[in-house]
Amino acid sequence: MERTLVIVKPDAFEKGATGKIIDRFISEGFQIRALKLLRLTREQAEGFYAVHRERPFFGELVEFMTSGPVVAMVLEGQEAVKRVREIIGPTDSEEARRVAPDSLRALFGTDKGRNAVHASDSVESASYEIPFIFSQLEIV
Ligand code: IDP
Ligand code: MG
């Protein structure tokens, strides 16, 4: 069974949307294999998003992701990576409200940067991101 990493980002945590986001994934049939509240350090956020190091928005992204607590989880299900990406919607929350109004980024995000939810974009990314955030012992 496929696994993916989801993070409720600081904007969504701060507005109290964590429960609704988790509930959506449960009602879509995913199993929660790991779950925790954490606050990323600058070094951790830079490492987590290392593939984006050269992007113009990297500094802004790290600033945002370290601005408050986040809730990370490992979800498991058939084609979890692809299906979870569909549920969160496009990167830009404004675009999400146009093309996928029921998506989590449409419902809880603001714009291209503050977009409420992270989810692994490939099985390969998931295999980097899951052990980055969770130890073996924390995955049930
Ligand atoms: P994704 O999260 O949909 O996979 P990526 O392109 O991988 O989108 O970008 C990672 C994260 O970086 C986004 O979720 C968003 O928070 C932030 N980001 C992406 N593009 C921009 C931008 O143009 N300005 C500010 N932040 C951005
Ligand atoms: Mg991505």
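The values are calculated or read from the model by the stated rules, or taken from the named source; none is laboratory data. Everything quoted here is computed from the prediction, not taken from an experiment. Reconstructed Cβ throughout: ideal geometry from the backbone, glycine too, with neighbour counts over all protein chains shown.
Table for the structure above
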{"item": "Count of the range 1-23 residues which are surrounded by fewer than 20 Cβ atoms within 10 Å (Cβ to Cβ) and out of contact with any strand residue (DSSP E or B) (no Cβ under 9 Å at 6 or more places or on another chain)", "result": "6"}
{"item": "Qualifying residue in the range 110-121 (condition: within 16 Å of ligand 2 (Cβ to nearest atom), closer than 12 Å to Leu5 by Cα and surrounded by fewer than 17 Cβ atoms within 10 Å (Cβ to Cβ))", "result": "yes"}
{"item": "Restricting the range 125-140 to residues that are within 14 Å of ligand 2 (Cβ to nearest atom) and under 18 Å from Gly77 (Cβ atoms), the residue that is surrounded by the fewest Cβ atoms within 10 Å (Cβ to Cβ)", "result": "Ser125"}
{"item": "So Glu86, is it exposed (fewer than 15 other Cβ atoms within 10 Å of the Cβ) and either touching a residue at least 40 places away in the same chain (Cβ under 8 Å) or among the small types (Gly, Ala, Ser) (or both)", "result": "no"}
{"item": "Single residue of Glu43, Glu79 found to be surrounded by fewer than 18 Cβ atoms within 10 Å (Cβ to Cβ), on the phi > 0 side of the Ramachandran plot and either within 16 Å of ligand 1 (Cβ to nearest atom) or of a type outside the set (Val, Ile, Thr) (or both)", "result": "Glu79"}
{"item": "Only one of Arg55, Arg105 that is among the basic types (Lys, Arg), modelled with pLDDT of 95 or more and surrounded by fewer than 17 Cβ atoms within 10 Å (Cβ to Cβ)", "result": "Arg55"}
